[in-house]
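Inspection log for the structure reproduced underneath, given as structure tokens.
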Amino acid sequence: MDSNKVDMFILSNGKFFESNQLMYIREQLLAMDDSKWSMIQTIQFKDPTTSIIVSILAGGLGIDRFLIGDTGLGLGKLFTCGGLGIWALVDWFLIMGATRERNFTKFQQFLY
Amino acid sequence: MGISRRNLYILIMLFCLSGYTWLVMHLDSRWANVVGPVCVFKKATGIPCPSCGATRSMIALINGDFLKAVLWNPIGLVLLGGLAIFPFWLLHDLALKKNSFHVFYASVEKKIRQKHVAWPLIVLILLNWCWNIYKGV
């Protein structure tokens, strides 16, 4: 794919991924067929900033985990008062990374 | 998409371990009030969260009082069921190098995401929450 398009994608979507994943994403996009561009452009990613806000406000109810698609973990959190409050606290620090991981998985699903 | 087998098994084991520690602590009257209620939501807002009362429910069930357990919080039954089954399921998987629990977890997650399952569940949990607030757990 055209490197201009790839840079445009990285610029507008860079914040949704870990920095170490960006190089891989760039390589994959460069090697990708042009016909997939329109599809890649339309993927909706979850914003890590949104998930940290949700985590701080409603992390004890597991809403942050439901938001990024970890339904099972969300239920676990909801049923245990946010893992006795400890898990809710730990998730304030983990949720942004987890969101980026989920985004990366989603991106990879579109590759193949 | 979803959690890896290794992470899931570590997480569930931590879950069961802390769950059993918590239960044993609350079964012994000397330890029951050392930590006290930990629900952040209840402390912050003054109203109980959807799963408040689950510990008391589990204790009631262990003492053989099913009705009291349901009245405290039905979620306690689900949790105690999980605590009773999951450790053995995990051990079975680890011993035989299988991944049946991971497969089960993924299929349940997939099922819960379907609209016709998700909405009734959400309504149930909200109703249970309203009941919790009404009871003043």
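Overview of results
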read-out	value
Cα-centred dipole magnitude for the protein assembly as shown, charges only on beta-carbon of K, R (+1) and D, E (-1), debye, nearest 20	560
Among B:G53, B:G82, B:G64, residue whose mean-square fluctuation peaks in a GNM of chain B (springs only between Cα atoms under 10 Å)	B:G64
Exposure proxy ranking, count of Cβ atoms within 10 Å, fewest first, for A:D33, A:D70, B:D93, A:D64	A:D33, B:D93, A:D70, A:D64
Student exercise, chain A dipole from Lys, Arg, Asp, Glu Cβ charges, in Debye to nearest 20	240
When each of A:K36/A:K106; A:K106/B:K43; A:K106/B:K115; A:K5/A:K106; A:K15/A:K106; A:K46/B:K43 is checked by Cα-Cα distance, pairs over 26 Å	A:K106/B:K43; A:K46/B:K43
Helical mean residue ellipticity (222 nm; -39500 (n - 2.57) per DSSP H run of 4+; nearest 500) of the protein assembly as shown	-24000 deg cm²/dmol
Directionally averaged projected area (convex hull, Cα atoms, the stretch B:54-100), nm²	3.5
About the Cα centre, charge dipole magnitude for chain B (Lys/Arg +1, Asp/Glu -1 at Cβ), debye	340
Listed residues B:P48, B:P120, B:P37, most fluctuating in chain B (Gaussian network, C-alpha, under 10 Å)	B:P120
At R0 = 51 Å, FRET efficiency that the Cβ-Cβ distance of B:S107 and A:D2 yields, to 0.05	0.80
Candidate lysines - alpha carbon under 22 Å from B:K68, same-chain residues fewer than 8 apart omitted	B:K42, B:K135
Spin-label model distance (nm) - B:A95 vs B:T45, 7 Å beyond Cα toward Cβ	4.4
All aspartates and glutamates inside 20 Å of B:K98 as judged from Cα atoms, apart from same-chain residues fewer than 8 positions distant	B:E109
Taking all pairs of distinct alpha-carbon atoms in the protein assembly as shown, Kirkwood radius in angstrom	20.2
Relative compactness, the stretch A:3-111, computed as alpha-carbon Rg over 2.2 N^0.38 Å	1.21
Spatially proximal aspartates and glutamates relative to B:K110 (Cα-Cα < 13 Å; intrachain offsets below 8 disregarded)	A:D70
Cα centroid separation - the stretch A:1-15 against the stretch B:11-80, whole Å	50
Diffusion constant of the stretch B:5-135 at 25 °C, which comes from Stokes-Einstein with the Kirkwood Cα-pair radius and 0.890 mPa s, µm²/s	148
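Throughout, read-outs are computed from the coordinates displayed, never taken from laboratory work. Just so you know, these numbers come straight off a predicted model, no measurement behind them. Cβ coordinates were reconstructed from backbone atoms using ideal geometry, including for glycine residues, and neighbour counts include every protein chain displayed.
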